[in-house]
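Report on the following structure.
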Amino acid sequence: MRSSDRNGAEICAYILCAGKGERTGLPYNKVLHRIGLKTVVETVLDVFSKVGISRTVLVVPTGETEVFSQLASPYRDVFIVEGGATRAESVLNGLKAFPCDIAVIHDGARPFVTAELIEDSIASALSFGSGVCAVPSVDTVKRVTPDGKVSSLPRAQLYNMQTPQTFSYAEILEAYERVGLDVTDDAEAYERAGYAPKLIAGDYANIKITTASDLLRSLPANCRIGVGFDVHRLVEGRKLILGGAVIPFEKGLLGHSDADVLTHAVMDALLSAAGLPDIGVLFPDTDPSLSGASSIALLQEVLEKVMDAGYRIANVSAVVAAQRPKLAPHIPEIRASLARALSVEADRVNVSATTTEKLGLIGEGAAISCDASCLLYK
Ligand code: MG
């Protein structure tokens, strides 16, 4: 949205991170759970930073200001406010600390929000006073009274509320102050204060992370598999580097860079999965600045491109084919080195080694090759 569409309205986002999240079973705040390289709350901040808003207010649990300040430090115009005992109290604390014209209220535990949803809710609030993301209920919902009497609600009339829920600041503040804090979402306060919330189309993928199974739900959606292959000649007078680890051997691999065949195959697997050009295109061996380059440094550049394309690493798996040296003793070091470069836990990177039973150039000890695969998810 162009700023001229907003008539100069000051737009503030209030991101609620003060929930306890006990149903996830995590021993820490669920918004601090990592999805790939970033935490849930950083993933939310990434999306909000793509939308033109004046400031973003993180409402955090009492006593956790420090950790959130650190996470927010790379982002512009992000401020921290301590929340309250309930969601409603946290919203009110945020609203009172930073007045504005249009208030975008979002759950910190909804990392799959998109810039489009945020923009749509702002546009609706500018036109109608509110814009509340909602999706038609896919489940049949029943009311059960305390004495066990069950009655059915008409599904066609039921919607599941999501966030962002965006409002005229003055109206939502007045609503909360007038109806009190016994509400489970902002639209309820707005509605009970006599306003008519305007629902807009949400997205079924925009789930709130509530239970442990929600933490796994990001994996099956939008997965991409990738493969990479590389081979380098073994020669005297070079270091043997595999996955960034220096392997003691009388020969090393020949190449323009450090010729780390394993890291090259992993890079191509990642790029392939993300639909990006391969390393021959990104790092041509005619580029003099890449002479002797550390492949692990190039891997980190590749990782940035993959992350910029919106992907996170589920796992990386590779097999190195070498007649000699015996690689088994070095596998833990190689895995740890690759995992460090990819900023993932070591159990997401596995490397195995094989000989080729003395067959072919690899079996003769003239070269080492590597096949790698990876799984990325959005
Ligand atoms: Mg290569």
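The values are calculated or read from the model by the stated rules, or taken from the named source; none is laboratory data. Being a predicted model, the structure only gives us computed values, none of them experimental. Here the Cβ is made from the backbone with ideal geometry for all residues, glycine too, and neighbour counts use every protein chain on show. SASA here: full protein model, heavy atoms, side chains in, ligands and nucleic acids out. Shrake-Rupley method; radii C 1.70, N 1.55, O 1.52, S 1.80 Å.
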The condition of being in contact with a helix residue (DSSP H, G or I) (Cβ under 8 Å, 6 or more places away or on another chain), among the basic types (Lys, Arg) and closer than 19 Å to Arg87 by Cα holds, among Arg192, Arg178, only for Arg192
Could you check how many residues of the stretch 61-81 are closer than 20 Å to Ile11 by Cα and either of a type in the set (S, T, N, Q) or in contact with a helix residue (DSSP H, G or I) (Cβ under 8 Å, 6 or more places away or on another chain) (or both)? 6
Candidates Ala88, Ala134, Ala123, filtered to the one that is under 19 Å from Thr56 (Cβ atoms) and either modelled with pLDDT of 95 or more or assigned to a helix (DSSP H, G or I) (or both): Ala123
Inside the stretch 39-52, the number of residues satisfying the requirement of being crowded, with 19+ Cβ neighbours inside 10 Å and part of a loop (DSSP other than H, G, I, E, B) is 1
Could you check Tyr176 against (1) closer than 28 Å to Pro111 by Cβ; (2) of a type outside the set (D, E, K, R); (3) in a helix (DSSP H, G or I); (4) open to solvent by 30 Å² or more (accessible area, probe 1.4 Å) and say which number it fails? (4)
Only one of Gly252, Gly202 that is at pLDDT 95 or above and within 16 Å of the ligand (Cβ to nearest atom): Gly252
Which is open to solvent by 10 Å² or more (accessible area, probe 1.4 Å) and at pLDDT 95 or above, of Ala314, Ala309, Ala366, Ala293? Ala366
Those strands (runs of 3 or more DSSP E) lying entirely in the stretch 228-282 with at least 3 residues in contact (Cβ under 8 Å) with a residue 12 or more places away in the chain: 240-242, 251-253
Of the residues in the stretch 343-363 that are within 26 Å of Gly275 (Cα to Cα) and at pLDDT 95 or above, the one that is surrounded by the fewest Cβ atoms within 10 Å (Cβ to Cβ) is Ser352
Residue satisfying condition, being touching a residue at least 40 places away in the same chain (Cβ under 8 Å), assigned to a strand (DSSP E or B) and of a type outside the set (A, V, I, L, M), within set Asn315, Asn350: Asn315
Name the residues in the stretch 260-288 that are open to solvent by 10 Å² or more (accessible area, probe 1.4 Å), out of contact with any Leu (no Cβ under 8 Å at 6 or more places or on another chain) and within 10 Å of the ligand (Cβ to nearest atom), would you? His264, Asp268, Gly280, Asp285
Considering only residues that are outside any loop (DSSP other than H, G, I, E, B) and not aliphatic (A, V, I, L, M), look in the stretch 289-303 and name the one that is nearest to the ligand (Cβ to nearest atom). Ser295
Take the residues in the stretch 221-233 that are at negative phi and more than 13 Å from the ligand (Cβ to nearest atom), then tell me which one is least open to solvent (accessible area, probe 1.4 Å). Gly226
